[in-house]
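To start, the structure itself, in structure tokens.
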Amino acid sequence: MKTDRNAPIGVFDSGVGGLTVVREIMRNLPDERIVYFGDTARVPYGSKSKNTVIRYSRQIVHFLETQQVKAIVIACNTASALALDTIEKEIDLPIIGVVKPGAQMAVETTQNKRVGVIATESTIQSGLYQQLITEADPGAYEKYLHKKDGTLDLFTQACPLFVPLVEEGWTKDPITEEVARRYLAEILDKDIDTLIMGCTHYPLLRSLLRKVVGEKVTLVNPANDELGRQKYQFFASDGVERFNAFAHSVLPEQISDTKQVQIENY
């Protein structure tokens, strides 16, 4: 399939969290055009069934195809974990998820081979982070030969309240900090030195999470390794004014003309 090199990259997420991925694409690929869709009417995805997440993802991909995108980034860890394998078999476009880069980065970053993952319930239950880290290139462990069995210990924690708190804009609120401390207490007792922020909403809590985990734990953001006409276009399934306000706080460029889409029609 021949694609137009000047066509935009399509990016989608369950809500505003994927704007952290858009920000990295803007920084690293400044010449690329972007079409973003945030499914703000149906957020969060983390408590939904696999079949539902696949159905939502399929509708959004169909919409992005109408925008003549040349590639699609699933800027949602839950959708990456539950829908990527299915969707990539159904379309001709390149499609990229955000789970694998985070797993690989954690393997390369950890010094004591004790890694934590915080994510939605669905992402944790999918077992994909566990699988990808287990399958990671053994060469990544060569400098850690002092640990005889050569294995990496992975500790996971679902944080279902983080997405609604971020969508509410409570990224620095004392309530959010208290929630974070309760979620992370057990995983921090495991002496981890690396923590994967396994949901694209979570980097919006980075400063708060840094305060909770301390300076000795490396925070891994999978988005950091991703990819006359209007350069950037934004769409949402609900609450476009609120979406615009949030985008303004995250992105380097002012966003004011997000369009609402009836995504169930796709």
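Before moving on, here are some points about what is shown:
- Counted residues, the range 75-107 - those being farther than 18 Å from residue 11 by Cβ and in contact with a Ser or Thr (Cβ under 6 Å, 6 or more places away or on another chain): 1
- Selection within the range 1-31 - under 25 Å from residue 83 (Cα atoms) and acidic (Asp, Glu): 13, 24
- Looking only at the range 84-106, and only at residues there that are under 17 Å from residue 56 (Cα atoms) and in contact with a strand residue (DSSP E or B) (Cβ under 7 Å, 6 or more places away or on another chain), the one that is surrounded by the most Cβ atoms within 10 Å (Cβ to Cβ): 97
- Filter pass, residue 19 being in contact with a strand residue (DSSP E or B) (Cβ under 8 Å, 6 or more places away or on another chain), of a type outside the set (S, T, N, Q) and either more than 24 Å from residue 205 (Cα to Cα) or surrounded by fewer than 21 Cβ atoms within 10 Å (Cβ to Cβ) (or both): no
- Here residue 218 clears all of (1) of a type outside the set (Phe, Trp, Tyr); (2) within 30 Å of residue 31 (Cα to Cα); (3) open to solvent by 50 Å² or more (accessible area, probe 1.4 Å) except the condition numbered (2).
- Residue among 134, 156 that alone is assigned to a strand (DSSP E or B), among the β-branched types (Val, Ile, Thr) and either at pLDDT below 90 or open to solvent by 40 Å² or more (accessible area, probe 1.4 Å) (or both): 156
- Test: residue 14 is in contact with a strand residue (DSSP E or B) (Cβ under 6 Å, 6 or more places away or on another chain), closer than 20 Å to residue 126 by Cα, of a type in the set (S, T, N, Q) and crowded, with 24+ Cβ neighbours inside 10 Å: no
- Contact map, the range 13-32: residues that are among the hydroxyl-bearing types (Ser, Thr, Tyr) paired with residues that are open to solvent by less than 20 Å² (accessible area, probe 1.4 Å) and part of a loop (DSSP other than H, G, I, E, B), Cβ distance under 6 Å, separation 6+ or inter-chain. Pairs shown: 14/39; 14/45; 14/76; 20/200.
- The test for being open to solvent by less than 50 Å² (accessible area, probe 1.4 Å), closer than 14 Å to residue 155 by Cβ, among the polar types (S, T, N, Q) and at pLDDT 95 or above holds for residue 194.
- As a summary of the residue check, residue 9 satisfies the conditions (1) of a type outside the set (S, T, N, Q); (2) modelled with pLDDT under 95; (3) touching a helix residue (DSSP H, G or I) at 6+ places or on another chain (Cβ under 9 Å) except for the one numbered (2).
- On inspection, residue 166 qualifies as farther than 25 Å from residue 108 by Cβ, at pLDDT below 95 and touching a His at 6+ places or on another chain (Cβ under 6 Å).
The values are calculated or read from the model by the stated rules, or taken from the named source; none is laboratory data. Quick caveat: nothing in here was measured; it's all calculated off a predicted structure. Counting neighbours? That spans all protein chains shown, and the Cβs are built from the backbone with ideal geometry, glycine included. Quick note on the areas: whole protein, heavy atoms, side chains included, nothing else; ligands and nucleic acids left out. Shrake-Rupley method; radii C 1.70, N 1.55, O 1.52, S 1.80 Å.
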